[in-house]
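> If you scroll down you'll find the structure; I have some questions about it.
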Amino acid sequence: MPRISRKMFVAAPPEEVWELANRFDKWHPKLRETPGGPEMDPQLVVKIITRDDQAMELAYTMPEPPFPISNHMAKIQVRSKDSVSCYVEWSADFTADPELLHDLEDDLGDDVYRAALDKLATAAQDARA
C-alpha cells in the first residue's frame, strides 16, 4: 500500500500546535470534520477515526477523496522537539494505480500536505505573535 508523507518544523510549542492541528477549521482552507456525515461537498469532508490528545495524533479518512485513490487513511502527528518547537508529520496510506503514484506524490504530497503544513505552521506562529 503506497504511503505519502510530509514533515515540517514548526517554531511553536507542541501543545499549541496540536490545538490547531486537530481543529481543521482553524487552519485548513478546505477540510472540514463532520461527525454526523457529509453535509458539505464530500471531497472536503473528513471522518475522524481516532484522536489522541496525549500522543498528539489524529487519524482520519476521507470518504470520497478528490484524487484517484481508495482505502484512504491519513494521520497527523505532532512531535515535540523541545518546549518551544515541534515537528508535524502528515501521512496517508491508500490504494492507487501504480502508474499514478508519481503524480500523486506531487499532487497530494506537495500541493496538499506540504501546502497545508505551511498554513498550519503560519497559523501556529501567528497565534504566538
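> Could you tell me which residue of region 51-65 is farthest from THR95 (Cα to Cα), considering only residues that are surrounded by 18 or more Cβ atoms within 10 Å (Cβ to Cβ) and among the aliphatic types (A, V, I, L, M)?
MET56
> Within region 70-104, how many residues turn out to be more than 15 Å from the chain's Cα centre (by Cα) and over 23 Å from ALA11 (Cα atoms)?
Residues in region 70-104 being more than 15 Å from the chain's Cα centre (by Cα) and over 23 Å from ALA11 (Cα atoms): 12 in total.
> Within the set of pairs 6 or more residues apart or between chains, which connect a residue that is within 13 Å of ASN22 (Cα to Cα) inside region 66-83 to a residue that is outside any strand (DSSP E or B) with Cβ atoms less than 6 Å apart?
Here the result reads ILE76/ALA21; VAL78/PRO14; VAL78/VAL17; VAL78/TRP18; VAL78/ALA21; VAL78/MET56, each pair linking region 66-83 to a residue that is outside any strand (DSSP E or B).
> Additional query: Among ILE69, ILE48, which is the only one that is over 18 Å from SER5 (Cα atoms), surrounded by 14 or more Cβ atoms within 10 Å (Cβ to Cβ), of a type in the set (A, V, I, L, M, F, W, C) and at pLDDT 80 or above? I'd like the intermediate steps shown before the answer.
Numbers: ILE69 fails: over 18 Å from SER5 (Cα atoms).
It is ILE48.
> With the requirement that a residue be assigned to a loop (DSSP other than H, G, I, E, B) and within 28 Å of GLU99 (Cβ to Cβ), what does region 45-73 give you?
Hits for region 45-73 are MET62, PRO63, GLU64, PRO65, PRO66, PHE67, PRO68.
> Which condition breaks for ILE4 when tested against (1) at pLDDT below 90; (2) buried (at least 16 other Cβ atoms within 10 Å of the Cβ)?
(1)
The values are calculated or read from the model by the stated rules, or taken from the named source; none is laboratory data. Since the model is a prediction, treat every value here as computed from it, not as a measurement. Note that each Cβ is placed from the backbone with ideal geometry, even for glycine, and that neighbours are counted across all protein chains shown.
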